[in-house]
Amino acid sequence: MKNKLKLLYQLQEIDNQLDHLEELRGDLPLNVQALVTQINNIQRTITEKEEEQESSIVKRNKNEEEIERLIENQKKFKAQLYSVRNNKEYDALTKEIDHSDDLVKKHHAENDAMADLSKKLSFEIDEITPQLDELKKELKEKEEDLDRIIKSNEKEEAKYLTERSKIEPQIRKGDYAAYLRIRKAKKGLAVATVVRSACSGCHKIIPSQKQIEIRKKDKIYYCEYCGRILVSSDFGDNNE
Ligand SMILES: [Zn+2]
């Protein structure tokens, strides 16, 4: 049992160190994440606008071809006007000519509107792009800062993680689950010690009878106030 409690105590010590390394990163990981999201959103907006422009160009080219074809047909109809034999034929031809005139006008109007749209999209893209460049620059700086911090603590972190991976499998699954659960609920501190008769987690005084029992190290005790695992503080002494 004594060993079991000691393992929990050591696990908490290692996690305290790892938490400290994590704290050194400050808001940087969150900032980086937020910037990446912002950049992706702007990038998506730009891509959508570019795609809209491209499809409008395709449509405009198609309209241009259609206009050419209509004008060619019109030429043929106009030539045929000279050889009509009666009013009925003449009316049919002029009707065709008028109809293609209308279509040509319609396609021209459509193309004008799409040219305006394309111009508007270009303007909008130009407006957002500097913002995107600015955010990318900011992201690069933040990533470099974060990288520098991570790199400078890499060895230390690896050392703690190795120690942790040796201790963790020796702890009973149920105890480990409880440890993680309390740690999550209690801002990282799951294993508290008795310091000057009080729980080091919540600073409430522990009854002296319970303190004696805790020092015996024959059972897992929980702080009745904060619910943390309470162990004897002499685990911290190297002679233990
Ligand atoms: Zn407590």
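Values in this text are rule-based calculations from the coordinates and carry no lab data. All of these numbers come straight from a predicted model, not from anything done at the bench. We place every Cβ from the backbone using ideal geometry, glycine too, and count neighbours over all the protein chains shown.
Figures for the structure shown
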| item | result |
| --- | --- |
| Only one of Tyr221, Tyr225, Tyr160 that is within 12 Å of the ligand (Cβ to nearest atom), aromatic (Phe, Trp, Tyr) and in contact (Cβ under 8 Å) with a residue 12 or more places away in the chain | Tyr225 |
| Residue among Ile57, Ile39, Ile71, Ile14 that is within 27 Å of the chain's Cα centre (by Cα) and in contact (Cβ under 8 Å) with a residue 24 or more places away in the chain | Ile39 |
| Top-ranked residue of segment 198-218 - restricted to ones that are within 10 Å of the ligand (Cβ to nearest atom) and small (Gly, Ala, Ser), ranked as surrounded by the most Cβ atoms within 10 Å (Cβ to Cβ) | Gly201 |
| Test result for Lys186, within 11 Å of the ligand (Cβ to nearest atom) and either crowded, with 17+ Cβ neighbours inside 10 Å or basic (Lys, Arg) (or both) | yes |
| Failed item, numbered, when Val195 is tested on (1) closer than 15 Å to Glu13 by Cβ; (2) surrounded by 17 or more Cβ atoms within 10 Å (Cβ to Cβ); (3) within 16 Å of the ligand (Cβ to nearest atom) | (2) |
| Scope segment 33-72; condition closer than 16 Å to Lys105 by Cα and out of contact with any helix residue (DSSP H, G or I) (no Cβ under 6 Å at 6 or more places or on another chain); matching residues | Lys59, Asn61, Lys62, Glu64, Glu65, Glu68, Arg69, Ile71, Glu72 |
| Any pair with Cβ under 8 angstrom, 6 or more apart, that starts in segment 182-205 at a residue that is among the charged types (D, E, K, R) and ends at one that is within 10 Å of the ligand (Cβ to nearest atom) and not in a strand (DSSP E or B) | Arg183/Leu189; Lys186/Gly201; Lys186/Cys226; Lys186/Gly227; Lys186/Arg228; Lys204/Cys223; Lys204/Tyr225; Lys204/Cys226 |
| Criterion: buried (at least 16 other Cβ atoms within 10 Å of the Cβ) and under 30 Å from Arg183 (Cβ atoms) - qualifying residue of Ile39, Ile67, Ile14 | Ile14 |
